[in-house]
Structures are given as structure tokens and as C-alpha cells.
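The values are calculated or read from the model by the stated rules, or taken from the named source; none is laboratory data. Because the structure is predicted, anything quoted here is derived from the model rather than measured. Backbone-built Cβ (ideal geometry, glycine too); neighbour counts: all protein chains shown.
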Amino acid sequence: MITVPGGKLILVGTPIGNLSDLSPRARDTLRESPVVMAEDTRRTARLVDNGRNLYSYHDHNARGRIPQILDFLARGLNVALVSDAGMPGISDPAYRAVRAALTGGFQVDAVPGPSAVICSMAASGLPTDRFSFEGFLPRKAGARSARLVEMSTYGGSIVYYVGPHHLLKYLEEMKVVMGNRPVCVARELTKLHQEFVRGSIEEVEEHFAGGSVRGEITLVVGGAATEAGFFD
């Protein structure tokens with residue numbers, strides 16, 4: 001791609017819970033960027049010194065914001081883009097801005113930071129040499145079942161984002177389609193009530209049975225060759 005003169009779009013990784021995880025480079029980038037696009041401006045306001053350069057950018061307004069981002073870049077202004085938490089571009093609309101910037105010939109950079117996917121995968125205890133990030137499962141039961149069947153023969157570990165109210169239902173569906181595999185539920189990562197629950201699907205179901213599941217959850221599932229007794 002041909003690069004044209006102008007500003008740079010910079011993806012900035014931000015904390016997934018603990019604000020101390022904001023890197024010095026990320027803090028400097030947010031401070032120095034004349035424009036900051038944020039999925040949640042209220043959350044990002046805690047990380048920037050000057051809220052006047054803070055704009056919202058999320059699923060519902062991305063189409064309208066992208067021309068504005070391109071205009072800022074064309075005027076020579078750097079635009080820092082952050083997600084609600086973690087590394088932008090992972091299951092959020094940041095990729096649309098990246099594609100638009102690249103298509104327009106502008107530079108795109110990234111300041112790495114916390115990632116729930118990598119954090120949960122690293123601490124899961126499941127094999128990390130090969131894994132697939134599958135994001136959120138489809139809401140409709142038929143599509144969700146088809147996706148689980150599709151991944152049932154995959155040999156590496158699998159990482160999902162799961163809403164707390166869906167956890168037990170999805171675990172039961174996984175058990176039916178994939179068998180009683182080992183899993184790790186990473187809940188409320190880096191926050192006060194962080195918890196890792198490891199075991200077979202049945203053991204994890206028993207752990208959460210009878211109580212309400214709360215907080216943000218990343219679910220790591222063992223691959224097709226990983227047996228239920230992996231954590232024994």
C-alpha cells in the first residue's frame with residue numbers, strides 16, 4: 001500500500017481491570033495524541049489528562065466516525081484508538097478504522113497492552129502451543145451448535161468470551177457436542193475478585209451450580225485430544 005503524508009492511527013492497549021497495568025508508553029501516547037477515540041469515553045477518561053480530545057467510537061457509530069478519523073489523519077493529527085478494555089481490534093470495531101486508514105494510505109501503529117485472551121490462555125494450564133480465539137458464540141442455538149460442531153475436531157485449545165449468564169448453558173452444550181473436556185474459566189481478570197476455575201466441564205459446572213455467575217469471563221477449552229482428567 002502507498003503511504004500518504006498525514007497523521008497516524010495508533011491502537012493502544014489499555015488495562016482489562018487493574019489500572020496499574022497501563023504501560024508508560026501507552027500513557028504517553030494517550031497524553032500526546034491530539035485525538036483519542038474510545039469505545040467507552042467514561043472509562044477512558046480515567047486514563048487521559050484532557051477529556052476535550054476524547055471521542056466515542058463503538059459498534060453503533062463506527063460508520064459515522066470513520067470519515068471523521070480520516071479527516072483528522074488527513075490534517076496531520078495522530079489518532080489514538082482504544083477499546084473498552086484490552087487490545088483494540090479483538091472482537092470490537094477497531095478493525096474497521098484500521099482498514100479505512102490503510103486504504104486511505106495512512107500509517108497504522110500499535111502500542112501493545114493487556115489482553116484477556118492471552119492472560120487467560122497463559123494461566124489456564126491447558127496447552128498453549130496452538131490455540132484458536134473464537135470470540136463470542138452465536139446467540140441463536142442452531143448457529144451456536146453448528147459452531148461448536150465445527151470446532152469439535154480442532155486439536156488446539158479454544159478461547160471464548162462468555163457472558164456470565166450464559167456460562168452454564170454454554171458449558172452444557174459444549175459437553176454434549178465436544179464431550180467432558182478440561183476447561184478453565186478465567187473470571188474478572190486482574191480485578192479484585194479474579195478467579196481461575198480449572199477442571200472438567202462437569203467439575204466446573206458443579207463449582208458454579210446453585211449460585212449466580214458474575215463478572216467478565218474468558219473460557220479456555222481443551223482441544224479434541226485433551227482428556228477430561230487433564231487437571232487431575
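Which of the residues spanning segment 24-38 are in contact with a strand residue (DSSP E or B) (Cβ under 7 Å, 6 or more places away or on another chain) and charged (D, E, K, R)?
25
One line per residue, one yes/no per condition, for (1) part of a loop (DSSP other than H, G, I, E, B); (2) in contact with a His (Cβ under 8 Å, 6 or more places away or on another chain); (3) free of Cβ contacts under 8 Å to residues at least 24 places away in the same chain:
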{"site": "6", "(1), (2), (3)": "yes, no, no"}
{"site": "36", "(1), (2), (3)": "no, no, no"}
{"site": "55", "(1), (2), (3)": "no, no, yes"}
{"site": "59", "(1), (2), (3)": "yes, no, no"}
{"site": "70", "(1), (2), (3)": "no, no, no"}
{"site": "76", "(1), (2), (3)": "yes, no, no"}
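Condition (residue is among the aliphatic types (A, V, I, L, M), surrounded by fewer than 19 Cβ atoms within 10 Å (Cβ to Cβ) and at pLDDT below 95) applied to segment 67-80: is it met by at least one residue?
no
Output the number of residues of segment 180-206 satisfying the condition of being outside any loop (DSSP other than H, G, I, E, B) and either charged (D, E, K, R) or loosely packed, with under 14 Cβ neighbours inside 10 Å (or both).
7
Conditions (1) under 17 Å from residue 149 (Cα atoms); (2) touching a strand residue (DSSP E or B) at 6+ places or on another chain (Cβ under 6 Å); (3) not assigned by TED's automatic domain parsing to the domain that holds residue 153; (4) not aliphatic (A, V, I, L, M), marked per residue:
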{"residue": "179", "(1), (2), (3), (4)": "yes, no, no, yes"}
{"residue": "190", "(1), (2), (3), (4)": "no, no, no, yes"}
{"residue": "196", "(1), (2), (3), (4)": "no, yes, no, yes"}
{"residue": "201", "(1), (2), (3), (4)": "yes, yes, no, no"}
{"residue": "204", "(1), (2), (3), (4)": "no, yes, no, no"}
{"residue": "207", "(1), (2), (3), (4)": "no, yes, no, yes"}
{"residue": "212", "(1), (2), (3), (4)": "no, no, no, yes"}
{"residue": "216", "(1), (2), (3), (4)": "no, no, no, yes"}
{"residue": "224", "(1), (2), (3), (4)": "yes, no, no, no"}
